[in-house]
Amino acid sequence: MKLTHIFTFIAFIALVGACGGGESSDQQQATQEESTSDVRTIEIIGIDAMKFAVESDAEGISVVDDLGSSDELVRLETISAQPGEEIRIELTTRSQLPATAMAHNWVLLYLDSDTKAFINAAVQAKENDYIPQDMTDQIIAETELAGGGETVSVTFTVPETPGEYEYVCSFPGHYSAGMRGTLVVE
């Protein structure tokens, strides 16, 4: 008879533990969804024409319709943001070329950065995905390189200091071809 009570007790404990665990997981998921809902996501497309593009105009960004492509993309020109705002950049590369020939990243630099010096140094930093290791102190946020069909992302807090912060693609030749823009903090 004691053995029956022990098995019943073990079954009861297992049932209570399983029920409690499910509620905790649901609560954790709800908390994660609430915390990410405060993050504004901007979906950017890197294209073979070496430009940052978006599918359409949206609040907080400005675009220029000068891509001349048939896929109805527009060139991303500026991103407007509030100091301290959380932003997620999701960068997808659309290309049929191999990643060694065409890949993109998104690098946001500080106000006082020397963008041209950064880009010139990036050409020599192939082993570090075109991010010069001795200039990482000039970077606020960066994605990894994305080859054709790949998506990379970075979430960052917008700087508190108002101003115009330049973002670039540091893959060789892309900055000079116009793959850059401005984060305007107002």
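Only one residue in 125, 177 is closer than 18 Å to residue 54 by Cα, hydrophobic (A, V, I, L, M, F, W, C) and either in the same structural domain as residue 62 (by TED's automatic domain parsing) or under 15 Å from the mean Cα position of the chain (by Cα) (or both). Which one?
177
For segment 114-141, give me each residue that is touching a Leu at 6+ places or on another chain (Cβ under 7 Å) and either under 13 Å from residue 89 (Cα atoms) or of a type in the set (A, V, I, L, M, F, W, C) (or both).
Those that are touching a Leu at 6+ places or on another chain (Cβ under 7 Å) and either under 13 Å from residue 89 (Cα atoms) or of a type in the set (A, V, I, L, M, F, W, C) (or both): 118, 139, 140, 141.
Here is a yes/no grid of residues against (1) touching a residue at least 60 places away in the same chain (Cβ under 8 Å); (2) aromatic (Phe, Trp, Tyr); (3) farther than 21 Å from residue 156 by Cα; (4) buried (at least 20 other Cβ atoms within 10 Å of the Cβ):
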position: 50; (1), (2), (3), (4): yes, no, yes, no
position: 62; (1), (2), (3), (4): no, no, no, no
position: 124; (1), (2), (3), (4): no, no, yes, no
position: 129; (1), (2), (3), (4): no, no, no, no
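Out of the residues in segment 160-170 that are assigned to a loop (DSSP other than H, G, I, E, B) and either free of Cβ contacts under 8 Å to residues at least 24 places away in the same chain or touching a strand residue (DSSP E or B) at 6+ places or on another chain (Cβ under 6 Å) (or both), state the one that is nearest to residue 46 (Cα to Cα).
169
Of the conditions (1) crowded, with 19+ Cβ neighbours inside 10 Å; (2) touching a Phe, Trp or Tyr at 6+ places or on another chain (Cβ under 7 Å), residue 111 satisfies every one except a single condition; which number is it?
(1) is the only condition that residue 111 fails.
The values are calculated or read from the model by the stated rules, or taken from the named source; none is laboratory data. Treat the numbers as computed from the prediction; the structure is a model and nothing was measured. Note: ideal-geometry Cβ built from the backbone for every residue, glycine included; neighbour counts use all protein chains shown.
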